1. Scan I34, I88 and give me the residue that is within 18 Å of G113 (Cα to Cα), surrounded by 12 or more Cβ atoms within 10 Å (Cβ to Cβ) and at pLDDT 90 or above.
2. Which one of these is free of Cβ contacts under 8 Å to residues at least 40 places away in the same chain, surrounded by 11 or more Cβ atoms within 10 Å (Cβ to Cβ) and of a type outside the set (S, T, N, Q): R47, R107?
3. Do we have G60 as at pLDDT below 90 and among the small types (G, A, S) here?
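The values are calculated or read from the model by the stated rules, or taken from the named source; none is laboratory data. What you are looking at is a predicted structure, and each value in this text was computed from that prediction instead of being measured. Counting neighbours? That spans all protein chains shown, and the Cβs are built from the backbone with ideal geometry, glycine included.
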Amino acid sequence: MEESKLYTARVQVVEAMEQGFPWHEAAKQVGLQISQSTAYRLRQRMRQGGKQALQEGRHGHPAKVRGEVRGFLEETCRQAPHTPSHKIQEQLAERFALPISVSQINRVRAALGVSNPPQSTKKN
């Protein structure tokens, strides 16, 4: 569901609950499939922070690694596949002022197929 429609549906569910409708009836009226605990959590959030508290605040990790940043990451890893992710992290922070975790860099590297290959552990 689109974010603006989801927000509107959440507000309508809570408002219906405040008017005395049971949570499942309120959700059904709006066409929102949520659990009882989610319905009551939404009501609590709206009571504490108003309608704006029902807006989605999460921002997924992939949004950080798009466009020029993703291209830089892929190019860097293809040219020097043994570069440790913490070094790439430093380069991204320096070049793009982008704070990004090593684990996120590793996820993107794996998705692009440019993971850091393991070093040989041969001993003579």
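1. When all the criteria are applied, what remains is I88.
2. Criteria check complete, one pass: R47.
3. Numbers: at pLDDT below 90: yes; among the small types (G, A, S): yes.
Against the criterion (at pLDDT below 90 and among the small types (G, A, S)), G60 qualifies.
Yes or no, residue by residue, for (1) closer than 12 Å to Q55 by Cα; (2) assigned to a helix (DSSP H, G or I); (3) not charged (D, E, K, R):
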position	(1), (2), (3)
S4	yes, yes, yes
T8	yes, yes, yes
E15	no, yes, no
G20	no, no, yes
A39	no, yes, yes
